[in-house]
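S.K.: Pasting a structure here, questions to come.
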Amino acid sequence: MVQHYPALSRPLQPVCSVCIANYNGVDLLADCIDSILAQAGDIEVEIIVHDDASNDDSVAWLRARYPQVELLASAENVGFCVGNNRMAAHARGEFLLLFNNDAALAPDALATLLQLARASEHGAVLTLPQYDWTCGTLVDRGCLLDPFYNPVPNLDAARAQVAMTIGACLWIAREAWNAIGGFPEWMESIGEDLYVCCAARLRGASVRCAPGSGYRHRQGHSFGGNRASGGLSTTFRRRRLSERNKTAVLFICTPSFAMWPLLWLHLLALGGEGLLLAAIKRDGKIWSEIYAPAIASPWRNAAAWGRHRREMQQQRKATLGSYFHQFTPLLRKIRLLMAFGIPQVRGR
């Protein structure tokens, strides 16, 4: 059940619908929403917030402080994918900006994204340079992908096209979003951005990062994130969803014959990684709760993923070369291991 609290003043024909998924983010939302309200340029914008059954008084606070925000309050916690799909279905803008509640836009961000969208082909997925909230350093200009669909941050200002954008700031035409089908809700909260970007590129669209402007992001503050602070740290749930969902995107989106050899290499690498990590940590549940389910997922979900793959590949316009053009042979996990050592796996 979703309680709808309409905005007191809603634009008649918004150009952009900014969609913010919130869960217990009452301490974050002011910076996020204020940055949207302070945007330069005469752009009609509607702001939609989906509250995912927060218990920190987010709903009452939003209604009192931001009556101009369209609020969808869920009675139960449904997850990031469902929340964003609900907001997209409710939106009226020509474009959607899916934006994290722990981030804030630069003053010219929406004008920059709109200008790039008008100059890009239909269906393009766009993002902005991401900067760390605390120190202001550049985090990425979108991401490339390694052969096993692990995101590799792009820091090259001269590189306009990338393989994916992190879901903290993802711009897409609402029509293109609907054609893709939005986020697969069974993914829950990890890898949905990877899926949308790969699906868009498979359909012949590009993923681009704007050359200027940007957004600041408290990485990992709301949905887990990928920030390495004092070493790599993850949770059982996050790692389980990440490995399963990357496997799913590889299975569903990889064009033609390339999928099968890549899938087998991916599963072999996952198996070796899982056995080694479980042995080093002396914790068999790392294998049984994270890696074994991910390795088994193509067979457990063969019917559903197979149907999804056939539907996606029937819409394919990208060639094998153009699809893989934004991939890099450098293995992301090896580079992280060399830089930060063995990851910590905490909480179940």
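Bear in mind that the values in this text are calculations on the coordinates, not laboratory data. Predicted, not measured: the structure shown is a model, and the values here were computed from it. Using ideal geometry, Cβ is built from the backbone for each residue, glycine included, and neighbour counts are taken over all protein chains shown.
S.K.: Pull up the cross-link candidates among the lysines for residue 281, meaning alpha carbon to alpha carbon under 20 Å and not fewer than 8 places away within one chain.
M.R.: 333
S.K.: So, one more: Mind checking the full-extension length gain between residue 263 and residue 303? Use 0.36 nm per residue of separation minus the Cα-Cα distance, one decimal, nm. Could you put the intermediate results ahead of the total?
M.R.: Numbers: separation 40, 0.36 × 40 = 14.40 nm, distance 1.65 nm.
Residue separation times 0.36 nm, minus the Cα-Cα distance, leaves 12.8 nm.
S.K.: How compact and how long is region 39-191, expressed as Rg and Dmax of its alpha-carbon atoms in Å?
M.R.: Cα radius of gyration and Dmax of region 39-191 are 16.1, 48 Å respectively.
S.K.: Given bins 10 angstrom wide, list per bin the percent of all Cα-Cα distances in region 1-59, short to long.
M.R.: 19, 52, 26, 3
S.K.: Here's a follow-up. Given the options 45, 137, 173, identify the residue whose Cα lies farthest towards the positive end of the charge dipole of region 2-217 (+1 on Cβ of Lys, Arg; -1 on Cβ of Asp, Glu).
M.R.: 173
S.K.: If you don't mind, another one. Between [x] 56, 43, 40; [y] 69, 57, 42; [z] 80, 44, 42, which matches Cα extents along the principal axes in Å calculated for the structure shown?
M.R.: [x]
S.K.: Please flag any cysteine in the chain that has no other cysteine's Cβ under 4.7 angstrom from its own Cβ.
M.R.: By the Cβ distance rule, which asks for a partner under 4.7 Å, the isolated cysteines are 16, 19, 32, 81, 135, 143, 169, 197, 209.
S.K.: When the helices in the chain are scored as -39500 (n - 2.57) per DSSP H run of 4 or longer and the sum is shared across all residues, what 222 nm value do you end up with, to the nearest 500 deg cm²/dmol?
M.R.: Numbers: 12 runs with 134 residues, N = 348.
Computed ellipticity for the chain at 222 nm equals -11500 deg cm²/dmol.
S.K.: How do 112, 134 line up, fewest other C-beta atoms within 10 Å first? Display every interim value, and only then the final one.
M.R.: Numbers: 112 22, 134 11.
Final ranking by Cβ density, sparse to dense: 134, 112.
S.K.: Quick one: in region 233-346, what % of C-alpha pairs are over 23 Å apart? Working shown, then result.
M.R.: Numbers: 2289 of 6441 pairs.
Summing the P(r) of region 233-346 above 23 Å gives 36 percent of all pairs.
S.K.: Sticking with this structure for a sec: Expressed as a whole number of Å, what is the distance separating the alpha-carbon centroids of region 37-76 and region 171-217?
M.R.: Taking the Cα centre of region 37-76 as reference, the centre of region 171-217 is 22 Å away.
S.K.: Where does helix 302-314 land angle-wise versus the long Cα axis of the chain, in degrees 0 to 90, nearest 10?
M.R.: The angle comes out near 60 degrees.
S.K.: In what sequence do 325, 50 fall when counting other Cβ within 10 Å, fewest first? Working shown, then result.
M.R.: Values: 325 14, 50 25.
Lowest count first: 325, 50.
S.K.: Same structure again: At 7 Å along Cα-to-Cβ for each site, give me the label-to-label distance between residue 319 and residue 185 in nm.
M.R.: Going from the residue 319 label point to the residue 185 one covers 4.0 nm.
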